[in-house]
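In what follows, a structure is listed as structure tokens, so that the remarks can point back to it.
Just so it is clear, none of the values below were taken in a lab; they were calculated from the coordinates. Everything numeric in this text was worked out from a predicted model, so none of it was measured. Please note: Cβ atoms are built from the backbone with ideal geometry, for glycine as well, and neighbour counts cover all protein chains shown.
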């Protein structure tokens, strides 16, 4: 196949799918995950970069469906099914399609299928990295705004609150999930980058506390 031509065509199809996705899981997110995946692949080496790139492209193709019913379906599982269908329509090799579809399904542990291959692990880490650092903060606040959550709350309020409530703030997301992501990364490079990004987020929320609760001086 002409890989560049095929990749560009697939990109357009995915972009059309993501037109209905909220900003925190939109086409821009997909491009950042793709860039993260390429960065990790350069370091890890000995990987099938085509599997990685196309899986990164498709990893959130069903995210809008999941968010529309507040997480009652797994976007990774459904996304793998959509990926298979589209790649078959484009005439790709069935063995290649299966590798990509499994990578899409395994990018989320809650799908019941943990990452196994190095390609799986790279796409998993690439996606998680976009939840951290400066970009991660922006995405967390975007999501909080979408569901009508407060700008900030105390750690006590955050820890005792429910998801999709007014206290489901960016800080709650950080406390419950994001701050521990470095330990869950599956590549050495991913862990190192994640640790740096979490350190930045920790400083940000401490500064936010100071500004909101009047404790700068």
Report task. Within 10 Å of each residue's Cβ, count the other Cβ atoms and sort 174, 164, 217 from fewest upward. Result -> 217, 164, 174
Report summary line: Between residue 5 and residue 162, the FRET efficiency computed from the C-beta separation at R0 = 45 Å comes out, to the nearest 0.05, as 0.45
Query raised in the report: Counting alpha carbon pairs within less than 8 Å and at least 6 residues apart, what relative contact order, in whole percent, applies to the chain?
Result: 17
Query - GNM flexibility winner over the chain from 189, 169, 154 (Cα, springs under 10 Å) - result: 154
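Where Rh is the Kirkwood radius over the Cα pairs of the stretch 131-217, the temperature 37 °C and the viscosity 0.692 mPa s, what D in µm²/s does Stokes-Einstein return?
Values: Rh = 13.3 Å.
In µm²/s, the coefficient rounds to 246.
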Query raised in the report: How would you classify the stretch 1-113 from its alpha-carbon gyration tensor, with a ≥ b ≥ c the square roots of the eigenvalues: rounded for a/c under 1.5, else prolate if a/b is greater than b/c, otherwise oblate?
Result: rounded
Query raised in the report: Pairing the Cα long axis of helix 3-17 with the longest principal axis of the chain, what angle in degrees results, from 0 to 90 and rounded to the nearest 10?
Result: 50
Report summary line: In nm, the gap between the two label points placed 7 Å beyond Cα toward Cβ at residue 192 and residue 151 is 3.8
Query raised in the report: Who wins for biggest fluctuation among 153, 93, 167 in a Gaussian network model of the chain, springs between alpha carbons below 10 Å?
Result: 93
Report summary line: For the chain, longest principal axis from Cα atoms; helix 94-106 axis from its Cα atoms; angle between them, nearest 10 degrees, is 10
Query raised in the report: Using alpha carbons only, how many degrees (0 to 90, rounded to 10) separate the axis of helix 49-58 from the longest principal axis of the chain?
Result: 60
Query raised in the report: Which distance in Å, rounded to a whole number, links the C-alpha centroids of the stretch 24-61 and the stretch 144-185?
Result: 26
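Using every Cα-Cα pair within the chain, state what percent have a distance larger than 33 Å. Write out the running numbers ahead of the final one.
Numbers: 4047 of 23436 pairs.
The proportion of pairs with Cα distances above 33 Å equals 17 percent.
If R₀ is 41 angstrom, what is the calculated FRET efficiency for the pair residue 211 and residue 90, using the beta carbon separation as r and rounding to 0.05?
Result of the calculation: an efficiency of 0.25.
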